[in-house]
Amino acid sequence: MSNKLVIFDTTLRDGEQSPGASMTRDEKLRIAKQLERLKVDVIEAGFPASSNGDFEAVQAIANTIKDSTVCGLSRANDRDISRAAQALKGAASSRIHTFIATSPLHMEKKLRMTADEVFEQARLAVRFARNLTGDVEFSTEDGSRSDIDFLCRVIEAVIKEGATTINIPDTVGYAIPELYGNFIKTLRERVPNSDKAIWSVHCHNDLGMAVANSLAGVKIGGARQIECAINGLGERAGNCSLEEVVMAVKTRRDYFDLDLGIDTRHILGASRMVSQTTGFVVQPNKAVVGANAFAHASGIHQDGVLKARDTYEIMRAEDVGWSNNKIVLGKLSGRNAFKQRLQELGVTLDSEMDINTAFARFKELADRKSEIFDEDILALVNIGEAISGAGERYRFVSLAQHSETGEQPQAQIVFTADGKEVTGQSDGNGPVDASLKAIESHVHSGAEMVLYSVNAISGSTESQGEVTVRLQSAGRVVNGVGADPDIVVASAKAYLSALNKLQNQAERVAAQG
């Protein structure tokens with residue numbers, strides 16, 4: 001059995017199915033480039049048959065990414081598979097991932113199909129996909145709740161038809177580590193041609209065991225691919241967390257004895273980019289990428305770490321992208337120093353023009369904020385890239401607001417709409433409410449705000465506020481993110497960002513997996 005563990009990232013597909021996490025083509029492409037820097041083996045770029053927008057996103061990623069395999073999801077039918085193959089045509093390395101539900105509950109209630117019909121459809125789908133590409137993954141949706149005899153029958157057949165990876169998802173997060181690991185092991189032992197494919201695990205986190213189940217599938221079951229997502233992003237309680245499973249395998253190599261191709265120094269950059277793109281804030285005590293992941297408050301712990309880091313640290317913060325050099329730049333810093341710091345943070349911009357644009361945003365921030373933290377730099381680069389690629393209709397210009405105890409707050413905002421400056425005015429329950437109503441007084445979007453969240457980028461009163469606004473309109477849910485030392489301004493920027501995304505009317509059809 002190979003000691004190589006394949007890391008299959010599904011942030012852009014299953015992660016995007018989180019309510020409010022829908023991404024534009026340009027946002028998905030930016031994240032795909034970061035995943036390539038991270039040296040993810042397989043990037044599941046999306047579900048091409050779900051919408052023209054998702055097709056274009058998968059196509060753009062396939063035409064851009066060179067060092068990772070680009071994967072497209074499809075249901076087990078010829079239309080979906082053909083659409084995926086078409087989107088992946090330009091990829092240096094591509095994979096079609098096709099699936100069908102195999103549990104009695106799903107077959108009866110959702111598919112309205114008999115077991116024999118599911119068997120035949122799975123077999124024919126893999127045969128069709130195999131004629132279009134040499135790399136075909138087959139998933140048994142709700143596999144962990146499926147009858148083992150039926151699974152053995154289906155899996156043997158699809159491997160005969162040419163499936164190169166067999167994925168057994170714990171679709172609803174029902175599995176228990178020991179049971180799930182032994183389930184995979186039994187399948188591999190009972191399927192006669194199991195050695196002809198790589199076995200994969202895809203675990204959801206409904207009971208908080210996605211990482212544990214995935215690792216059990218590898219250690220006990222012999223799987224050699226883990227499907228995971230940055231920050232554990234995914235439907236309901238999320239997916240197996242890439243950063244956690246990768247660092248578990250790397251830190252405990254003595255136990256797992258597996259080889260990884262991941263460049264862990266880019267983990268934090270990927271986490272920040274996904275968080276700022278989707279508006280899903282990372283909790284402070286999140287393993288590996290949370291703000292407190294390497295913080296020591298206890299005097300005993302601090303004393304131990306000062307004497308020897310490994311007394312309380314099982315991995316080095318810098319190995320996953322954290323830096324001990326917190327305050328690095330100021331308004332007198334030059335372009336070369338800024339560029340060097342980007343490199344140290346693992347940020348790669350595509351051109352000198354992009355670097356110049358990011359540096360201009362940095363200088364603007366430095367004029368307003370005396371200390372620039374690494375978190376500030378990551379925020380201005382990530383949010384700035386997202387804005388520049390958004391095809392924005394609205395752009396923030398300036399804001400004036402007045403708030404006084406006992407008086408109703410007033411706001412006047414200037415922003416561009418289709419390149420022309422417009423002014424909106426309103427009062428409100430507070431300065432933020434007044435500012436957003438001032439925007440609405442001109443745009444009349446009619447969108448419903450379903451989330452408003454403020455997060456401090458760094459830890460001082462001078463910190464930038466990072467605001468996420470989630471809007472819902474005509475069945476679509478979008479996120480807008482804005483950052484500024486003034487949280488009222490950050491709120492206005494976030495609101496305008498969300499309005500820009502509402503201009504993209506592409507519809508999606510949710511897939512499962």
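The values are calculated or read from the model by the stated rules, or taken from the named source; none is laboratory data. Note that the coordinates shown come from a computational prediction; the quantities given were computed from them, not determined experimentally. With ideal geometry, Cβ positions are generated from the backbone for all residues, glycine too; neighbour counts draw on all protein chains shown. Accessible surface is based on the protein model in full, side chains and every heavy atom, while ligands, DNA and RNA are left aside. Shrake-Rupley method; radii C 1.70, N 1.55, O 1.52, S 1.80 Å.
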From the options S74, S68, S93, S103, residue that is open to solvent by 10 Å² or more (accessible area, probe 1.4 Å) and among the hydroxyl-bearing types (S, T, Y): S93
I96 being at pLDDT 95 or above and assigned to a helix (DSSP H, G or I): no
Out of D54, D9, sole residue that is within 30 Å of M247 (Cβ to Cβ) and either touching a Gly at 6+ places or on another chain (Cβ under 9 Å) or modelled with pLDDT under 95 (or both): D9
Whichever residue in segment 434-476 is open to solvent by 50 Å² or more (accessible area, probe 1.4 Å) and over 30 Å from the mean Cα position of the chain (by Cα) and, among such residues, is nearest to V282 (Cα to Cα): K437
Entirely in segment 347-455, the helices (runs of 4 or more DSSP H) that have 2 or more residues that are at pLDDT 90 or above: 431-443
Residue within segment 135-156 that is in contact with a Gly (Cβ under 7 Å, 6 or more places away or on another chain), crowded, with 19+ Cβ neighbours inside 10 Å, small (G, A, S) and closer than 21 Å to V191 by Cα present: yes
Search result, residues across segment 12-44 that are open to solvent by less than 40 Å² (accessible area, probe 1.4 Å), touching a Ser or Thr at 6+ places or on another chain (Cβ under 9 Å), at pLDDT 95 or above and part of a loop (DSSP other than H, G, I, E, B): L38, V40, D41
Total residues in segment 176-191, condition within 19 Å of F138 (Cβ to Cβ), in contact with a helix residue (DSSP H, G or I) (Cβ under 6 Å, 6 or more places away or on another chain) and open to solvent by 10 Å² or more (accessible area, probe 1.4 Å): 2
Residues located in segment 217-246, provided they are open to solvent by less than 10 Å² (accessible area, probe 1.4 Å) and of a type in the set (A, V, I, L, M): V218, A223, I226, A229, I230, L242, V245, V246
Filtered residues of segment 162-174 (kept if open to solvent by less than 40 Å² (accessible area, probe 1.4 Å) and either more than 20 Å from F8 (Cα to Cα) or assigned to a strand (DSSP E or B) (or both)): T165, I166, N167, I168, P169, D170
Hey, L306 open to solvent by 50 Å² or more (accessible area, probe 1.4 Å) and modelled with pLDDT under 75 or not: yes
Enumeration of residues in segment 309-323 that are modelled with pLDDT of 70 or more and touching an Asp or Glu at 6+ places or on another chain (Cβ under 8 Å): V320
Hits in segment 23-44 (condition: under 23 Å from S497 (Cα atoms) and not polar (S, T, N, Q)): M23, R25, D26, E27, K28, L29, R30, I31, A32, K33
Residue in segment 501-513 that is at pLDDT 90 or above, hydrophobic (A, V, I, L, M, F, W, C) and within 22 Å of D14 (Cα to Cα) present: no
Cβ-Cβ under 6 Å pairs, at least 6 apart or on other chains, segment 432-444 side farther than 13 Å from F396 by Cα, far side among the aliphatic types (A, V, I, L, M) and assigned to a helix (DSSP H, G or I): V432/V488
Residue within segment 197-206 that is open to solvent by 10 Å² or more (accessible area, probe 1.4 Å), at pLDDT 95 or above and more than 21 Å from L233 (Cβ to Cβ) present: yes
Some residue of segment 266-287 being under 18 Å from A32 (Cα atoms), free of Cβ contacts under 8 Å to residues at least 60 places away in the same chain and either assigned to a loop (DSSP other than H, G, I, E, B) or not acidic (D, E) (or both): yes
